[in-house]
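One structure is given here, and the rest of the page talks about it.
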Amino acid sequence: MNKNSSNIMALTPNTSNKRETVCIFGTGDFGRALGHKMIQSGYPVVYGSRSTQISNLIPKDAEVLGHAEAAQKAAVIIIAIQRQHYNFLTSLSQVLHGKVLVDISNNLKLKQYPESNAEYLAQLLPGSKVVKGFNTVSAWALQSGTLDASRQVFICGDDVEAKQMVMNIVHGLGLTPVDKGSLLAAQEIENYPLQLFPMWKFPIFLSLGLGLFFFFYSLALDVIHTYVYDNNNFSFFIAITIPNRVFPVLALTLFGLVYLPGIFAAIIQLYRGTKYRRFPDWLDRWMLARKQLGLIALALASLHAVFTLVTPLRPYSSWRTSNRIISQVLNNETVSLNHTNAWLIDSYLAMGMLGLFLFVLLGITSLPSVSNSVNWREFRFIQSKVGYLALILCTAHTMIFGGKWFLNPSAYKWYLPDIYMLSLVVPCAVLVVKFVLIFPCVDKHLTRIRQGWERNPRYSE
Amino acid sequence: MNKNSSNIMALTPNTSNKRETVCIFGTGDFGRALGHKMIQSGYPVVYGSRSTQISNLIPKDAEVLGHAEAAQKAAVIIIAIQRQHYNFLTSLSQVLHGKVLVDISNNLKLKQYPESNAEYLAQLLPGSKVVKGFNTVSAWALQSGTLDASRQVFICGDDVEAKQMVMNIVHGLGLTPVDKGSLLAAQEIENYPLQLFPMWKFPIFLSLGLGLFFFFYSLALDVIHTYVYDNNNFSFFIAITIPNRVFPVLALTLFGLVYLPGIFAAIIQLYRGTKYRRFPDWLDRWMLARKQLGLIALALASLHAVFTLVTPLRPYSSWRTSNRIISQVLNNETVSLNHTNAWLIDSYLAMGMLGLFLFVLLGITSLPSVSNSVNWREFRFIQSKVGYLALILCTAHTMIFGGKWFLNPSAYKWYLPDIYMLSLVVPCAVLVVKFVLIFPCVDKHLTRIRQGWERNPRYSE
Amino acid sequence: MNKNSSNIMALTPNTSNKRETVCIFGTGDFGRALGHKMIQSGYPVVYGSRSTQISNLIPKDAEVLGHAEAAQKAAVIIIAIQRQHYNFLTSLSQVLHGKVLVDISNNLKLKQYPESNAEYLAQLLPGSKVVKGFNTVSAWALQSGTLDASRQVFICGDDVEAKQMVMNIVHGLGLTPVDKGSLLAAQEIENYPLQLFPMWKFPIFLSLGLGLFFFFYSLALDVIHTYVYDNNNFSFFIAITIPNRVFPVLALTLFGLVYLPGIFAAIIQLYRGTKYRRFPDWLDRWMLARKQLGLIALALASLHAVFTLVTPLRPYSSWRTSNRIISQVLNNETVSLNHTNAWLIDSYLAMGMLGLFLFVLLGITSLPSVSNSVNWREFRFIQSKVGYLALILCTAHTMIFGGKWFLNPSAYKWYLPDIYMLSLVVPCAVLVVKFVLIFPCVDKHLTRIRQGWERNPRYSE
């Protein structure tokens, strides 16, 4: 960065304006990667190692010394060794006294140890200032410089000054430190890199399960039934037609499931007459999965839109158009526009598009940077008011799509309802109960409960 | 989090590594919700209350004491009482001296009091360190744990150390503290949760007003005129056709209105010969609404795209196709491609799509996280260069769409211009004036003014 | 903000709760703009100037004094003068001792001076505390209040307290300070506003170059060849048809180029048997451009989707439909559905849509706020697993689209392969090599190398 930093140093020998030496204990992979990066960023690096034999793996501008000598050269010591070897550090407690120790360790699995590695280190060396950090960064990314992902480095520690020193180093490496508070946050920071979308697991498995059910249901009614009874082989429906029946049905069901737990919560609160008792666990977990359920529903609804728009490009569609027109020509039919039909189809298309539009709005406000820039009242307005409006539009879209088929026996192949009827169950249930809940008398009662009122306040002694 | 924290405590009795007791004054709803959350997160909580009778509303692991005894147990005291009762705290000023008081109060409406609650508290208790915070969090969200919305907690205060202590607690609760500076920011923080999209009000009402005007204008010309003169009932146009005429017209007008204030500002500066005089108020307010106007225009343009793509699925469209082909068959016409027509329609489609594409780019760069990652020069490049290119494309799209109809009297039903002609007024005016403004002689002059040059510099004395 | 702040002052004369005077050296454009904004935000401002003659350009509530007197009135001094005049400040070193000097200067081009302006200032005045800041904000934006862009103000400095004072002022102006660490970051902060999408230059020029090549290639085969041999003038293909052949071809090629450097890196590491040697420079730079290449590919793929969906609205398409149906009618053909064709077209449509869907997912996770909220493992999962799946789907989409034409000589106009065949080169190469690399024996070896293992470890004592 500073080409003639030597000049500057000559000018102002007492300037604090230079990188301070950093010591790294351990010459493992991550220790080496971090050392490389630090040297690149202008930090003198000294490794503390059992063997001072210099491997060519160690960055060539780094010094390698014994642990004690290395530690004396720096105020900040990166502990790049594994937790099971921490106890050897107690022998260095003299030399490490007052130093800033940066615990960068990760575990192999969640809950491997009772306390976090950083807290364990702090217990072993009560005289040192332990800071947790860097464990969320990938060695490979550090080394190759390809930090496309997050440049955030989570930091926590009890000593504010020590934390500040580590944060300065993080800045110096071109990364962004994020203060996570006291060392108690270490457990969370250590668990962080081990997770793989924990909040998404349940919603994704639920969607997959429901999706498979709807797929085979639709396959049976639309392909197999037609094959068996009409002897038409419409197996190519598997590519677009059936997915485009499963996507909207699944999307609408999941969208209903986003609002269902809120309905349950309201009913439970009305029944109990208080908000001060915990909801059942399943409801709590369901409520926490609402955002994910909603986003999956949005993805499926968007796929439904694209799969529908592609219709005129499909051979099946041009075949049907040709057939229709040719039969009209052959029969010398006068072609007149069916106005009822035009109204019905145009309105369900319009409702679907508007519903999807509002749904996309909901999706945009759930982007972290957008939801951080609205306050609680605005967020509630979007998620509740706009959300219910979108749900109403999507439900109406499906109902009008069904139209007169609801009462038509031929729609019930094998005595089973068509798949879109199934999709209406959850959203209709939600909308009906919600409609009851916003009756003034019910709503007023619920509002009072949510403001802290209790039907049977009990005071212990 | 820490299953056997008792073990740790046994190991290291002097560790600072445990949650410090927090005192909460007031057992109202928000005080209880916050206490619940704190106990869940491992903080010992003691309530200060007039009546030490323990309500079952109060989290059962919390202690309840008189105010003075409770305050003595903690360094940080959450003031969960209403502003009108603050003056009773002066009687405790001895015991509160040097303590960190966290003002979490909210008002019912904007500008209810001359100074912010936190500043008022600081005046009442000059010996205490007042920090504002937590007021932007919802009690309901704290309690139910469903913090889907922002996890940000705005904090301000004059004492850096006190602020740090409160920020540590915020971290401890799994929330993200955001430092908003000194206690002077308290007013802003107190106003924050009371707002409901204040920046969006004017743009939304403007869009609604214009939208309604365009809707009835189009209804009159496209449905009523056809019904009256041709006796055709095209009422189903209300579902898709008319919205799809209103959306693009409104979008283009609003898009023009985004760039119009910039044009006015340039003209005013050129006329005045200085940039050092404030713009009129209406222009200032208009300039601040440009982002919102642009985003509404983008939403409408996207709706226009989807409403257009859905055309082939509409009964009206297949009816027209059938009619066209059948009449060709019956008349034994040789069908040849009209190349001029193909050029015209293909180019306005292409321009519309490219214009929308650039418009979406503008929209993406206005996402907070994206606009934070570009510098001023890059932001100007996108918003000005790319924005004008999008405006030119969209205007050309509309003009070519109109095509030969501009000069065709039959396009002027009831002597009124078609709706798309109206939409061209604002963007064409913007583009023409902008074209003049980028003439080198004008541009050079304007640039000098914007760099601080003045035509008539006047020095007082 | 505070209507009766005088009252408050009367109540609590010793409160720290008021804005402290800020001194600004220099009455140039940015100094005036900043002064204006500060006075608006309630800061008393005093200008230090050679001439104390009051220009009407200077905000009228500001005082103007000589440099020394002005400096004595404030703890924070904004240095709004140009670097080449900094040396005159040495004469004021007495009066500036211990003061916080805020360097707000910008250079005209990158690397204009060996050290950053702020570091230079710190050398000249070792007794003052230099903080870099405000240089990333636009004077025009400050003045007009239209800070639509980033409200972030990058701050760096060696003195924590001085930095805190400047950050408080930034907060006071309604802006967001971002701590960038020690004064060594000044160079980066000074370079920041001079950049214009530096990371995008190479990817955009590459895309433009490839795009032009594909455009003329397609123009030759689809328009000129048809004109020369069939005497059909399809020049209107330039508007939609040809772009819609260039977009997908370019998108797929760029998408392949996103994954190609990873393939090269793996091969180089396998060949060298170590990860501890730097990649060649071109590979490093390529890897850093992957995100941008991917986003351009995504933009082109989306354009391809929209340009395809618009097909049924084009005159060319209705002309072909009419022709087809009329010839069927005239020939009394029985129209039967070609099932193979339906399968082929439906599946390549479905694959294209699913591929685009996954591609959009990748794009969303590369939004800064989203990529900051996933950990490294999740980011890798999305970018690698989901990315390869999208690449496979898009490649299959193109292959099935080509279908039987690969072996058909009539597809090779002028003995040249059709353009979509060219687009398959890069992604197929990537997929084939990747397929080899995930063979257990190769993968295991590579994983060991990436965990730090070396084939020929050499120790220099």
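The values are calculated or read from the model by the stated rules, or taken from the named source; none is laboratory data. Treat the numbers as computed from the prediction; the structure is a model and nothing was measured. Here the Cβ positions follow ideal geometry from the backbone for every residue, glycine too, while neighbour counts run over all protein chains shown.
See the values below:
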item	result
When residues of segment C:207-244 are limited to those that are small (G, A, S) and part of a helix (DSSP H, G or I), the one nearest to the other protein chains (Cβ to nearest Cβ)	C:S235
Single residue of segment B:276-289 satisfying the filter (part of a helix (DSSP H, G or I) and within 7 Å of another protein chain (Cβ to nearest Cβ)) that is nearest to the chain's Cα centre (by Cα)	B:L288
A:N168 within 13 Å of chain C (Cβ to nearest Cβ), over 22 Å from the mean Cα position of the chain (by Cα) and either free of Cβ contacts under 8 Å to residues at least 24 places away in the same chain or not in a helix (DSSP H, G or I) (or both)	yes
Matching residues, segment A:406-461, being of a type in the set (G, A, S) and out of contact with any Pro (no Cβ under 9 Å at 6 or more places or on another chain)	A:S410, A:A429, A:G452, A:S460
Candidates B:L257, B:L270, filtered to the one that is in the same structural domain as B:G387 (by the TED database), in contact (Cβ under 8 Å) with a residue 60 or more places away in the chain and within 27 Å of the chain's Cα centre (by Cα)	B:L257
Segment C:364-376, residues that are assigned to a helix (DSSP H, G or I) and buried (at least 17 other Cβ atoms within 10 Å of the Cβ)	C:T365, C:P368, C:S369, C:V370, C:S371, C:W376
Matching residues, segment C:403-421, being surrounded by fewer than 18 Cβ atoms within 10 Å (Cβ to Cβ) and not in a loop (DSSP other than H, G, I, E, B)	C:G403, C:K404, C:W405, C:F406, C:L407, C:P409, C:S410, C:A411, C:K413, C:W414, C:Y415, C:M421
Residue match in segment C:364-385 (condition: facing another protein chain (nearest Cβ under 8 Å), touching a residue at least 40 places away in the same chain (Cβ under 8 Å) and either among the hydrophobic types (A, V, I, L, M, F, W, C) or closer than 19 Å to A:L313 by Cα (or both))	no
Filter result for A:V335 (within 7 Å of chain B (Cβ to nearest Cβ) and not in a helix (DSSP H, G or I))	yes
Tally, over segment C:187-199, of residues that are in contact (Cβ under 8 Å) with a residue 40 or more places away in the chain, surrounded by 15 or more Cβ atoms within 10 Å (Cβ to Cβ) and within 14 Å of chain B (Cβ to nearest Cβ)	6
Residue, farthest from the chain's Cα centre (by Cα), within segment A:342-353, restricted to residues that are at the interface with chain B (Cβ under 7 Å from one of its Cβ atoms) and surrounded by fewer than 20 Cβ atoms within 10 Å (Cβ to Cβ)	A:W343
Sole exception among (1) at positive phi; (2) within 14 Å of chain A (Cβ to nearest Cβ) for B:G273, by number	(2)
A:R285 being in the same structural domain as A:F205 (by the TED database), surrounded by fewer than 17 Cβ atoms within 10 Å (Cβ to Cβ) and either in contact (Cβ under 8 Å) with a residue 40 or more places away in the chain or among the basic types (K, R) (or both)	yes
Index of the failed condition, A:N332 passing every other in (1) over 23 Å from the mean Cα position of the chain (by Cα); (2) modelled with pLDDT of 90 or more	(2)
Options C:L356, C:L303, C:L391; residue that is part of a helix (DSSP H, G or I), more than 7 Å from every other protein chain (Cβ to nearest Cβ) and either closer than 30 Å to B:N372 by Cα or at pLDDT below 95 (or both)	C:L356
So A:I382, is it among the aliphatic types (A, V, I, L, M), assigned to a helix (DSSP H, G or I) and over 12 Å from A:L252 (Cβ atoms)	yes
Search result, residues across segment A:54-73 that are in contact with an Asp or Glu (Cβ under 8 Å, 6 or more places away or on another chain) and crowded, with 22+ Cβ neighbours inside 10 Å	A:A70
Filter result for the condition that a residue is over 30 Å from C:T447 (Cβ atoms) and assigned by the TED database to the domain that holds A:A186, over A:V170, A:V102, A:V166	A:V166
Test result for A:Y47, touching a residue at least 40 places away in the same chain (Cβ under 8 Å), under 24 Å from A:N168 (Cα atoms) and not hydrophobic (A, V, I, L, M, F, W, C)	no
Whichever residue in segment B:208-255 is of a type in the set (D, E, K, R) and touching a helix residue (DSSP H, G or I) at 6+ places or on another chain (Cβ under 9 Å) and, among such residues, is farthest from A:L337 (Cα to Cα)	B:R245
Neighbours by Cβ (under 7 Å, 6+ apart or cross-chain): first from segment A:74-89, surrounded by 23 or more Cβ atoms within 10 Å (Cβ to Cβ); second among the charged types (D, E, K, R)	A:I77/A:K99; A:I79/A:D103
Qualifying residues in segment B:23-33 (those that are in contact with a helix residue (DSSP H, G or I) (Cβ under 7 Å, 6 or more places away or on another chain) and within 13 Å of chain A (Cβ to nearest Cβ)) - the one surrounded by the fewest Cβ atoms within 10 Å (Cβ to Cβ)	B:D29
Among the residues listed as A:H339, A:H304, the single one being surrounded by 21 or more Cβ atoms within 10 Å (Cβ to Cβ) and in the same structural domain as A:T241 (by the TED database)	A:H304
Search result, residues across segment B:216-264 that are β-branched (V, I, T), at pLDDT below 90 and surrounded by 18 or more Cβ atoms within 10 Å (Cβ to Cβ)	B:V223
